[in-house]
Amino acid sequence: MAATAPLPPHLTLLYRGPLASCDYDCPYCPFAKRRDSPETLRADRAALERFGDWVEARADEDPGTRVSVLFTPWGEGLVRTWYRRALARLSALEHVERVAIQTNLSGRVEWLAGCDLSSVALWTTYHPGQVTRERFLAKALRLVELGVRFSVGVVGEPGHLEAARRMRADLPEEVYLWVNAAEGRTYTDAEAADWQALDPHFHYSRHPHASRGLPCRTGDSVLSVDGDGNVRRCHFVDTPMGNLYDGSFRRALGRRGCPRTDCDCHIGYVHLESLDLYDVFRGGVVERVPAVRPRALPLLP
């Protein structure tokens, strides 16, 4: 066991195991989809259960630390029983402030009634080319009925604009609809204005954020963890900090500047201290739910 060092008062963990299979095949998705072998699925299940054990043990081993977890699987997790069980299990722990997962919402949602709804949340994405508006909307409205905290997002592809407008019109006002800039796409001001009208925070996604040397919460109070327990400061920095399970990561915890030139993904730049996003998403950072439902704003550069 590595020398013990205290954890911060609040620790956010972005967990991504070996799961890579998905029931969708979006052409704009940067994640390579494949059908996982039975061996990979068994390994993913075992890794997730081990991670859950570690989080649960913090109540006794690090009693001064509250934990938030965001599952960011390459594939779709909620069609797998072990991800549903993990969310239910972790949501019931008193020291877990929030547990959320990125999902396409293709699976059933009734199981969420068995979770602690004060701590569980969903980061959902609507993919117009993969699911009908009616089917996705019915799932979203059922989440509202169940009292589940969630956001809805869409990738800012030109062909998605009308579908996104209809979804925004159909969703309850209190449900935040976010827009991610499409990978590698440059938006004219007129194009960006269309998306900004749907998501008043779209300007954060439109351009990459200069980040080299700037203070970031990753590596200190925010960590990325893989299925083997290897810890990195975030998903976008490969330098290892140690391992979660032997405690070696603790020696590397600390505030330091970002080593990358820029950051263009929300799960990365939301933690940059140079932005105001912890205030914008106060209480909803991991599930991408803003503290105040934003109204339409003029286009910002």
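What the table below lists for this structure:
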| read-out | value |
| --- | --- |
| Any pair with Cβ under 6 angstrom, 6 or more apart, that starts in segment 99-116 at a residue that is closer than 14 Å to residue 22 by Cα and ends at one that is part of a helix (DSSP H, G or I) and among the charged types (D, E, K, R) | 105/139 |
| Lone qualifier among 126, 204, 176 - being closer than 20 Å to residue 71 by Cβ, surrounded by 18 or more Cβ atoms within 10 Å (Cβ to Cβ) and touching a residue at least 60 places away in the same chain (Cβ under 8 Å) | 176 |
| Per-region count, segment 91-138, residues in a helix (DSSP H, G or I) and of a type outside the set (Asp, Glu) | 10 |
| Residue that is nearest to the chain's Cα centre (by Cα), among those in segment 93-132 that are charged (D, E, K, R) and under 19 Å from residue 80 (Cα atoms) | 108 |
| Complete set of residues in segment 58-83 that are among the small types (Gly, Ala, Ser), surrounded by 19 or more Cβ atoms within 10 Å (Cβ to Cβ) and part of a loop (DSSP other than H, G, I, E, B) | 75, 77 |
| Within segment 119-135, considering residues that are among the small types (Gly, Ala, Ser) and touching a helix residue (DSSP H, G or I) at 6+ places or on another chain (Cβ under 8 Å), the one modelled with the highest pLDDT | 119 |
| Test set (1) part of a helix (DSSP H, G or I); (2) in contact with a Gly (Cβ under 8 Å, 6 or more places away or on another chain); (3) not β-branched (Val, Ile, Thr) - residue 141 fails condition number | (2) |
| Members of segment 64-77 found to be within 23 Å of residue 283 (Cα to Cα) and either within 19 Å of the chain's Cα centre (by Cα) or at pLDDT below 95 (or both), listed by number | 64, 66, 67, 68, 69, 70, 71, 72, 73 |
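The values are calculated or read from the model by the stated rules, or taken from the named source; none is laboratory data. Because the structure is a prediction, the values reported are computed rather than measured. So basically every Cβ, Gly included, is an ideal-geometry build from the backbone, and we count neighbours across all protein chains shown.
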